[in-house]
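*Asks:* First the structure, then my questions, so here it is.
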Amino acid sequence: MQLTINGQAQDLGDLDPEMPLLWALRDILGLVGTKYGCGVAQCGACTVWLDDNPVRSCQLTVGALAGRRITTIEGLGQDELHPVQRAWVEHDVAQCGYCQAGQIMSAAALLKRDPSPSMAAIESAMAGNLCRCGTYTRIVAAVQSAAQSLAQIDCYEVGESAQAAGDRGGAAV
Amino acid sequence: MTLGEFSTVNRRDFIRWSGFGLAVTGQGLYMVAMAQPAPEGELNPYIVIHEDGRVLISAPNPDVGQGVNTSLPMIVAEELDADWASVEVIAAPVDPQRYGAQFAGGSLSVRNRWNELRTMGATAREMLLRAAAASWQLPREQLTTEPGQVVHGATGRRASFGELAALAAQQPVPGEGEVTLKDSAEYRLLGNRVVNAAAEDIVRGHSLFGIDVVVPDMVYATYVKCPQPGGTPSSANLDAVKNLPGVLDAFLIKGDAVPPVFDLRNSTHVAGGVAIVATNTWAAFKARRSLQVQWDTAGASRDDSAAIESQAVKAMEQVQGDRELVRTGDPDRAFASAASVLSAQYLTEFISHAQLEPQGCVAHVSGDRAEVWTSSQTPGFAQITLGKLLDLPAGNIRVHQVRGGGGFGRRLSNEYVREAALISQRVGKPVKLQWMREDDMAFDFYRAPTYYRLEGALSDQGELVAWRNHVVSASADGDKANYGAGYRNKDFPDRVLANVHVTQSLVHSVTPTGAWRAPESNVYAFAEQSFLHELALAANRDHREFLMTTLGEDKWYEDGNLGRLHTGRARAVIEAVTRAAGWGRALPENRGLGLGFYFSHAGHVAEVAEVSVDERKGVTVHKVWAAADLGQIVNLSGAENQFQGSVVDGLSALANQRISIREGAVQQRNFDQYDLLRLPQRPDISVTFLSSDFPPSGAGEPALPPLAPAVCNAVFAACGQRIRSLPISRQGFRIV
Ligand code: FES
Ligand code: FES
């Protein structure tokens, strides 16, 4: 079974096609940044991108993913942090940090399709990501400041960095 | 045991340990600045300074999101005068001989380690100064430090800590009287905003958490327990399960035929169940669909949460309970002669911790040795109780502390460590045990339901002159209250008022309960502070003024003891928060302000909520102001984050969280049946820390208790409906 993850083709061998992408990432590929929180599409800790859309990897079976492009937190920023990751550090968002990979993947996907989102757009894009530690105030501040810093650079280029690194044969993991 | 006992352990260990270190001066046993990291087996230092200037500081306590991986090393760095940019934080190994009691609980990490860590930093700084004095042939008194450097003011000569490290390591360890600690006015780091030491690893998704641990040759396991705590497996279709793809083994673990209790130091309890071991997590989870188990429920819980509540409500009809806990003054006479008496019943339900990382553990038991990787909040107790269970000396058990995805008290117990160890022992390989979210929700040590009948006596001047509290507590043994269900001595109002009567009755419940962020305080504050609001209104007085007056004269209830109420500090935070919130200002219809104050975990905290309530009982929490006196703030960003989180967490818990139990089994299974607050529901939050010369206290818990009464009092101000039970969804309210 072949999947394209963070720009690289990955051979998963003869994996149970029913295995959710979440567990293939974590247990088979060792990409542990994507987290298990609920397994039932309620918490968002497992959020990755399928093509450019944020999706719950606990709900996607690997059998349905052939030929699709998947980006995980490990592929979002390469050597440099993605502006959303940088904003997350600057605002010292994380407490335990367990939800934050999912939060960042949702936020980065939002900014890719809506570079200057309204508060309502931020709220609806982030409503599916739970944070038990309650870091929502800082998440909103970080999304807004990432939007500002993205406005100053070519966001198309940043958004494509994972793909580009893979195309260059760069280390995507 | 209570979390308070931890502090005794810590203090005793510290004295023994630092005494030991000081006795062996020159070896740097308790305080070493070295050119290279300590080799394996050598006593581990808090501080290692590399020649290239990097300063490694060990964080001794588990971090589950409370930020002690940053705040504790900051304390060392401050006194060392290290340049924070060159500091690397490493998790200390679990070793009580070297690090004393290593735990995360009771908001005690900073409070307990304050003196120890300052001394660590200052001692290393002194050794660096002496090294420079020796190498420059100058009197030590003429030298001082700037971040990362020793400086001779007169000549401007300077050397970096890295250059001096090797020589500093050879200096005798200074004795207790030879080290001076900084005055708070000299702080360069403490009180500032410092980004969490793990922030970059977190945003990059690096392997950090318990669930991320991988060791060579590891297999994966899930553990299916009886839905009724205390049930044990009598048989299961193990052969069928073993034949499933990816499954390596399946077997019964008999377990203990009684529900567990929250006994952190002693409990070796293992719940009976079926272990499924597989080549990956998913294969193990999937195999559960085919598993059929027959349970023996002779010793299992038959609790019914609705029945427990109706018995408790019946018990609350009595003004006084079956036994007396506190009697001060002459409450009976005070009530008999009062101008008016107010009475109300408050109650809360079972709730779950729902930390975002479900429990799990990696364990490897082989022969007479065991090694575990765990996000436990009490790794020291993991070692002790695992030793008892496996009948191994503690020295044969190695515990690695790994970052936890949320704690809130859930990781104080170590049953997941014991389960992983038993499974590993049986299969003879390292095992990663992973609980499903459904396991996590079904097998918690829940926040206990609580029931308080409160009575207040008012004089004809509208003063509060007497107080009664009839506490109805869930109890498994018919004698003691279950954890979190009882009553703890309180300074306010119990010691402030002249006439107080506290009594208790028990109702039977064996559902396991434990510490849930600010245990007891988080529920009692709701009752107490809401009822004080009711009393203020009954007395026709402003709530703020009533609270300020009732607090009485400025007084510290025990001089020097941070754990006791200081009414001057209390009044100052109420003053600050009401000023910030514009207390008393005119508000539109259906909008209200509510106030709550609570003292817990050595923190004086007051909060004001501004809410509006629509005609469908939708509550919008517009803003919450918090003001606190936590003494010296260590990391402003971290402390503020804990406060913001406590506000969200408090709202989350009061909105619609409840665990219901039928025939012993928990009914809620996952987040679709157990609501956590979501981002669009968050309020604006403003946090003020009063500057204070008191030593620091922890920030993880004390902001939680005042939140529920502030919000519920605001709801009353907005719509005139009093909320006396949580969650507020019981009365049809919801947070929008
Ligand atoms: S683990 Fe996928 S949404 Fe929670
Ligand atoms: S930071 Fe802990 S769950 Fe979000």
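*Asks:* If I go through the range A:71-102 residue by residue, how many of them are among the β-branched types (Val, Ile, Thr) and within 10 Å of ligand 2 (Cβ to nearest atom)?
*Replies:* 1
*Asks:* Okay, moving on. Counting only residues that are more than 15 Å from ligand 1 (Cβ to nearest atom) and part of a loop (DSSP other than H, G, I, E, B), how many does the range A:79-110 have?
*Replies:* Number satisfying all stated conditions: 11.
*Asks:* Facing chain B (nearest Cβ under 7 Å) and either away from ligand 2 (no atom under 16 Å from the Cβ) or over 19 Å from B:GLY406 (Cα atoms) (or both): does that describe A:TRP23?
*Replies:* Yes, satisfied.
*Asks:* Another question, if that's okay. State all residues of the range B:79-112 that are assigned to a helix (DSSP H, G or I) and either closer than 20 Å to B:ARG193 by Cα or touching a strand residue (DSSP E or B) at 6+ places or on another chain (Cβ under 6 Å) (or both); if no residue qualifies, say none.
*Replies:* Within the range B:79-112, B:GLU79, B:LEU80, B:TRP84, B:ALA85, B:SER86, B:SER109, B:VAL110, B:ARG111 qualify.
*Asks:* Could I ask something else about it? Taking the range B:426-463 as the region of interest, how many residues are more than 21 Å from the chain's Cα centre (by Cα), more than 28 Å from B:LEU497 (Cα to Cα) and assigned to a strand (DSSP E or B)?
*Replies:* So the count comes out to 4.
*Asks:* Continuing with the same structure: If you scan the range A:10-20, which residues turn out to be part of a loop (DSSP other than H, G, I, E, B), more than 8 Å from chain B (Cβ to nearest Cβ) and open to solvent by 20 Å² or more (accessible area, probe 1.4 Å)?
*Replies:* Within the range A:10-20, A:GLY13, A:ASP14, A:LEU15, A:PRO17 qualify.
*Asks:* Next question. Return the total of residues in the range A:37-70 being more than 14 Å from ligand 1 (Cβ to nearest atom) and open to solvent by 10 Å² or more (accessible area, probe 1.4 Å).
*Replies:* Total meeting the criteria: 9.
*Asks:* Next up: Is it the case, given these coordinates, that B:ARG403 is within 16 Å of ligand 2 (Cβ to nearest atom) and either open to solvent by 10 Å² or more (accessible area, probe 1.4 Å) or more than 14 Å from every other protein chain (Cβ to nearest Cβ) (or both)?
*Replies:* yes
*Asks:* Considering only the range B:641-689, state which residues are at the interface with another protein chain (Cβ under 10 Å from one of its Cβ atoms), open to solvent by 10 Å² or more (accessible area, probe 1.4 Å) and charged (D, E, K, R).
*Replies:* If the condition is that a residue be at the interface with another protein chain (Cβ under 10 Å from one of its Cβ atoms), open to solvent by 10 Å² or more (accessible area, probe 1.4 Å) and charged (D, E, K, R), then B:ARG669, B:ASP672, B:ASP675, B:ARG678, B:ARG682, B:ASP684 are the ones that fit.
*Asks:* Can you tell me how many residues in the range B:214-245 are more than 9 Å from chain A (Cβ to nearest Cβ) and in contact (Cβ under 8 Å) with a residue 60 or more places away in the chain?
*Replies:* 19
*Asks:* Additional query: Quick one: in the range B:341-390, which of the residues that are within 14 Å of another protein chain (Cβ to nearest Cβ) and part of a strand (DSSP E or B) is nearest to ligand 1 (Cβ to nearest atom)?
*Replies:* Taking the candidates together, the pick is B:GLY360.
*Asks:* Related question: Going by the conditions given, is B:MET127 part of a helix (DSSP H, G or I), out of contact with any strand residue (DSSP E or B) (no Cβ under 7 Å at 6 or more places or on another chain) and either free of Cβ contacts under 8 Å to residues at least 60 places away in the same chain or over 24 Å from B:ALA515 (Cα atoms) (or both)?
*Replies:* Taking the combined requirement at face value, the residue satisfies it.
*Asks:* Name the strands (runs of 3 or more DSSP E) wholly within the range B:196-306 that hold at least 2 residues that are modelled with pLDDT of 95 or more and within 29 Å of the chain's Cα centre (by Cα)?
*Replies:* B:219-225
The values are calculated or read from the model by the stated rules, or taken from the named source; none is laboratory data. Keep in mind it's a predicted model, so treat the numbers as computed, not measured. Quick reminder, even Gly has a Cβ in these numbers, built from the backbone with ideal geometry, and neighbours come from all protein chains shown. We work out accessible area using only protein heavy atoms, side chains counted, and drop any ligands, DNA or RNA first. Shrake-Rupley method; radii C 1.70, N 1.55, O 1.52, S 1.80 Å.
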